[in-house]
1. Taking region 110-121 only, how many residues are more than 7 Å from ligand 1 (Cβ to nearest atom) and of a type outside the set (Lys, Arg)?
2. Quick test of your reading of the structure: Lys208 fulfils all but one of (1) free of Cβ contacts under 8 Å to residues at least 24 places away in the same chain; (2) over 20 Å from Glu56 (Cα atoms); (3) in a loop (DSSP other than H, G, I, E, B). Name the failing condition by number.
3. Applying the selection to region 42-54, what residues are in contact (Cβ under 8 Å) with a residue 60 or more places away in the chain and either assigned to a helix (DSSP H, G or I) or closer than 14 Å to Ile204 by Cα (or both)?
4. For Glu24, indicate whether it is within 15 Å of ligand 1 (Cβ to nearest atom), open to solvent by 50 Å² or more (accessible area, probe 1.4 Å), within 30 Å of Leu153 (Cβ to Cβ) and touching a residue at least 12 places away in the same chain (Cβ under 8 Å).
5. Can you list residue pairs whose Cβ atoms sit under 8 Å apart, with the first residue in region 106-119 being within 27 Å of Val31 (Cβ to Cβ) and aliphatic (A, V, I, L, M) and the second being open to solvent by 40 Å² or more (accessible area, probe 1.4 Å) and more than 7 Å from ligand 1 (Cβ to nearest atom)? Count only pairs 6 or more apart in sequence or on different chains.
6. Looking at Glu81, Glu62, can you tell me which residue is closer than 22 Å to Leu142 by Cβ, within 16 Å of ligand 2 (Cβ to nearest atom) and acidic (Asp, Glu)?
7. Can you name every residue in region 101-122 that is within 13 Å of ligand 2 (Cβ to nearest atom) and either assigned to a loop (DSSP other than H, G, I, E, B) or not assigned by TED's automatic domain parsing to the domain that holds Val289 (or both)?
8. Looking for whichever is under 27 Å from Val30 (Cβ atoms), open to solvent by 40 Å² or more (accessible area, probe 1.4 Å) and of a type in the set (Asp, Glu) here; the options are Asp224, Asp192, Asp242, Asp259. Which one fits?
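The values are calculated or read from the model by the stated rules, or taken from the named source; none is laboratory data. Please read these numbers as outputs of a predicted model, since none were measured by experiment. All Cβ positions, even for glycine, are placed from backbone atoms using ideal geometry, and neighbour counts span all protein chains on display. When the accessible area is computed, the model is the full protein with side chains, heavy atoms only, and any ligands, DNA or RNA have been set aside. Shrake-Rupley method; radii C 1.70, N 1.55, O 1.52, S 1.80 Å.
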Amino acid sequence: MKPRAVRGMNDVLPDISATWRYLEEVVREVVESYGYREIRLPIIEHTELFRRSIGEVTDIVEKEMYTFADRNNESLTLRPEATASMVRAGITNGLLHNQRQKLWTAGPMFRYEKPQKGRYRQFHQFDVEAMGYAGPDVDAELIILCARMWQRLGLSRLTLEINSLGTNQARAIYRQELVDYFTTVKNRLDEDSIRRLGQNPLRILDSKNPELGDIIAAAPVMIDYLDEESVQHFAGLKSLLDSAGVAYRVNPRLVRGLDYYNRTVFEWVTDALGSQGAVCSGGRYDGLVEKLGGRPTPAIGWAMGIERLVALFIACGGTAPPLDPHVYIVAAGEKALAKAFELSEIFRDGIDAVRVEVNLGGGSFKSQLKRADKSGASYALILGEDEIEEKVAGLKPLRSGEEQRSIPLAGIVAELGEALGELN
Ligand code: ATP
Ligand code: MG
């Protein structure tokens, strides 16, 4: 029987891994150009960390975590998201004492969800967090840098939705309004929502059940209950986005699926990926550091789903720079093979960023040339007994109608370099 991968966990095969890496590199470059620095975090944390930060009555904590007891009977969890770990690391390492941090991290996340297109059990996020910043300026910066990424990657079809969830106090008042409202339509709620009505009514707004669409659409919205400071904060953000020319839509029903958010929340959504349209989501979490045992520290961040970014990039016609070899060396006979190895090292030494593949496993000229063609190489460099004897190599263009020509081995690096021109 063939071994199977675990459901919802995918291999990223070579035909697409170059695209992943290209996107990750561009995102990293953009984020670092705004002064964010990388932090690398463990993928396993104490279960308690996620319970306390994400919230007990959320989809993630209630039914999606990969939780297990280790050999010492400690309850550990594969991280379902990175913000909690980021905050934990900030506290653990004393990064937040009289300091501000602009950090990014990336890697796999784990949620026991129903696998479907754009939704997996192991998926990957690029995560950016700014801790120690209170004003709407950093909210704007985090959004503007997204707009720059989309532009760099040629991604259209992304729209920005923003909302404000106010302060905890303002949300408490709103929460009561919501409970009152949903109680009047309780007989039409589903089981999950009825349970949440008592515990965490805001979560009902985040329900993925389409049958609740109308009821949710008619519910009171947080934005009508905002405290004055949050109104100012939201206005500040909108004004900075306006000046930067970043378009947005205020979506008063955007609440996000995790409990720690307050004030600004946002989502970049696309219509190009079906129902899994959220590509990059984030928000402010001013109370989380303190809640997890640090000093009060305002903070905000976002996380982007790499699988969805890759899918959108492809849907928008994007392609990553190719990784095909520039030169494939065809070598017939023992002497020629030794020469091929020697030359390939000289090329790698002498031609910046060159990709050279030496034919492995022998074969006739004909079959080697077939492999050269299949490799996608621009040129085949041909070495046979005659060539070795005459101290030349045959240079055969594989992607143009040009004739094969013979070039002397002395000076071959310069000639090949010239033929290849600027390399990508
Ligand atoms: P959704 O509403 O699609 O469930 P979410 O609100 O749960 O998303 P977040 O927890 O904010 O998502 O995670 C940030 C980003 O990670 C999302 O915008 C999305 O791009 C991606 N993401 C979340 N869950 C998954 C998943 N199961 N598979 C693939 N990508 C995911
Ligand atoms: Mg989700």
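1. Counting residues in region 110-121 that are more than 7 Å from ligand 1 (Cβ to nearest atom) and of a type outside the set (Lys, Arg) gives 4.
2. (2)
3. Of the residues in region 42-54, the ones in contact (Cβ under 8 Å) with a residue 60 or more places away in the chain are 43, 49, 52-54.
Correct list: Leu49, Arg52, Ser53, Ile54.
4. Numbers: within 15 Å of ligand 1 (Cβ to nearest atom): yes; open to solvent by 50 Å² or more (accessible area, probe 1.4 Å): yes; within 30 Å of Leu153 (Cβ to Cβ): yes; touching a residue at least 12 places away in the same chain (Cβ under 8 Å): yes.
Yes: the conditions hold for Glu24.
5. Ala106/Glu24; Ala106/Arg28; Met109/Gln122
6. Working: Glu62 fails: closer than 22 Å to Leu142 by Cβ.
It is Glu81.
7. Step one: filter region 101-122 for residues within 13 Å of ligand 2 (Cβ to nearest atom), giving 109-116, 118-121.
Once the filter is applied, which keeps residues that are within 13 Å of ligand 2 (Cβ to nearest atom) and either assigned to a loop (DSSP other than H, G, I, E, B) or not assigned by TED's automatic domain parsing to the domain that holds Val289 (or both), region 101-122 yields Arg111, Tyr112, Glu113, Lys114, Pro115, Gly118, Tyr120, Arg121.
8. Details: Asp224 fails: under 27 Å from Val30 (Cβ atoms); Asp192 fails: under 27 Å from Val30 (Cβ atoms); Asp259 fails: under 27 Å from Val30 (Cβ atoms).
Residue meeting the stated conditions: Asp242.
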